[in-house]
Every structure is written in structure tokens, then in C-alpha cells.
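Everything below concerns the one structure shown next.
The values are calculated or read from the model by the stated rules, or taken from the named source; none is laboratory data. Since we're looking at a predicted model, the values are computed, not measured. In this analysis, Cβ positions are derived from the backbone assuming ideal geometry, glycine residues included, and neighbour counts consider all displayed protein chains. The protein model used for the area step is the full one, side chains on, heavy atoms only, and it has no ligands, DNA or RNA in it. Shrake-Rupley method; radii C 1.70, N 1.55, O 1.52, S 1.80 Å.
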Amino acid sequence: MSSPTPLLDYFKRGEVARDVRMEAALGTLAPRAHEQLQILVLLLEDPDAEIRATAEETLNQIPEEALKAFLARADVPLGLREFFGDRGIFPDEMPDISAMIEADEPLLEAGPQDEFGDEDQDRESATQKLAKMGFSERLKAAIKGSREMRALLIRDPNKMISAAVLSSPKLSEPEIAGFAKMANLSDEVLRVIASNRAWTKNYNIVLGLTRNPKTPLALALNFLNRLSSRDLSQVSVDRNVAEPLRIAARKKVAANQSGKD
């Protein structure tokens, strides 16, 4: 899968508590489809027998038509296709476009759909709700909660929580563009955003990352080529960014001007 999988990576590293693994096995932790499916497959080998059995049961609940349509996507890992091929489930050769599952939608979402309230709740309400939550509830809120909850949880000191925000199927590009500008985020969060090819097709996200002093320098330098002349000029005199980035921007501005002469 070409897109980063920040939440899946925690499961792969074995850094997830049992209660959270169980939530994922039950389908109540419902990140984007490609992460959800890979997490469920991973949990089939969990050291806990109950989690293994629960993940198997949840996988069996996913409609076969939805699986076949999803597996037909060009960006599905070969290992995932082989896993389901061994189970007799193969990608649709000619998938019905109307039946295709979007990569951002979970294949199965168990449990209440509105447990965290309205998507447009205000920040005060979101802050009050989050203050009463334990870790596993905050993790679910990061994936299934409101926009205001995501805006708060992306700055959570626990990196798994911020990773879960980036795995939320509800996350929109304008939100990501807002995150890209935030200098109080961890460089790890910014690195995940910068590594997502789909997100960095958005100019506002690229601009936000380039001008964010917390973005790893190598990534910001790569994005300079994407900037308009006006934005490049602003970066060249921006005291908030690293000096090597300003110098590189100045060189590009000078090269552009000499090219016009």
C-alpha cells in the first residue's frame, strides 16, 4: 500500500495494549479500509487466543462482495491478495464501480456510530468529553469522533493517538492542510502527512509543510520545487524556517529571475 499506515505500524511493532487489540478485533476500531483489513489479518496471529478468534469472526462478517471490490484496487498489497486467495476470495476482474469501496471507508464498522456526538460539535464540548475518556476511548475518538476532537487529539502527547487521527476515515484534506501549518505538532506527525502521496497533491498541504519549522528539513527542501514564485519568495525571507531552507529558496528565486532575463 503506497499510503502510510501509522496505526497499523503500532500493531506490527507489538506496541498495542490488549484492550485496544480487542477493539480492533471486534471491528469497533474502524480506521481506513486498508489499515482495518491489514490489522485484522495481523491479529489472526495474536498471542491471545480470544483476540485471534474474534478477529477471525470479524473478518468473516465482511461481505464477500465488498472484499472482492476492495481487493481489485491497484494499491492493495500483494500479500493481502494472496491471503484472501488462499481463502477462495479473489479480486473482481471487472469490479462494479458503484460497488467499489473507497480506501477511506472501513469495510466493517461495529458498535454505535454516533457514540462521540455530532461531527460539528464545538470545541468546549469536545474538550469536556475527551477529559473524561481513558486511553482506549480517546483512541476510538481519534478515529470516529468529531472534527473538533481530531483537532485536539492530533496534539495528544501519546503518539499512537495522533497516529489514529491520521488513520480516521472522516479526516478531510482541509483538516490535513490545517495540521500541516501547526508548529506544535510532532515531526513524526508531519512526516506521515508529507509521506502521503494523495495528500501532497494538495497545494495548501505542501505549502503548509514547507513553511512549518517542525517539518523535517529534507522533506521541506523537496517541496520547494512545488511552490509558486510568490510563495517561494516568501519562504526565502521567512525567519521561522530553517536557514538552509531560506538559502535554497533564495537560490531558486534568483534562478527563476535569471531565467526570465
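Things to note:
- Computed FRET value (nearest 0.05) for D19 with N60, which takes r as the C-beta separation and R₀ as 35 Å: 0.95
- Assigned charges on the beta-carbon of Lys, Arg, Asp, Glu; region 138-261 dipole about Cα centre (debye): 140
- A 1.4 Å probe, protein heavy atoms only, puts the accessible area of K12 near 130 Å².
- Full extension of the chain between A254 and R155 gives 31.9 nm of extra length, using 0.36 nm per residue less the Cα-Cα distance.
- Spin-label model, A49/E175: points 7 Å from Cα along the beta carbon direction are separated by 4.0 nm.
- Using only side-chain charges placed at the Cβ, +1 for Lys and Arg and -1 for Asp and Glu, the dipole size of region 212-257 relative to its Cα centre rounds to 40 debye.
- Of K68/K214; K170/K251; K132/K181; K159/K252; K132/K159; K132/K201, those spanning more than 31 Å from alpha-carbon to alpha-carbon: K68/K214; K170/K251; K159/K252; K132/K201
- FRET efficiency estimate (nearest 0.05) - Cβ-Cβ, E137 to E93, R0 45 angstrom: 0.60
- Helical mean residue ellipticity (222 nm; -39500 (n - 2.57) per DSSP H run of 4+; nearest 500) of the chain: -16500 deg cm²/dmol
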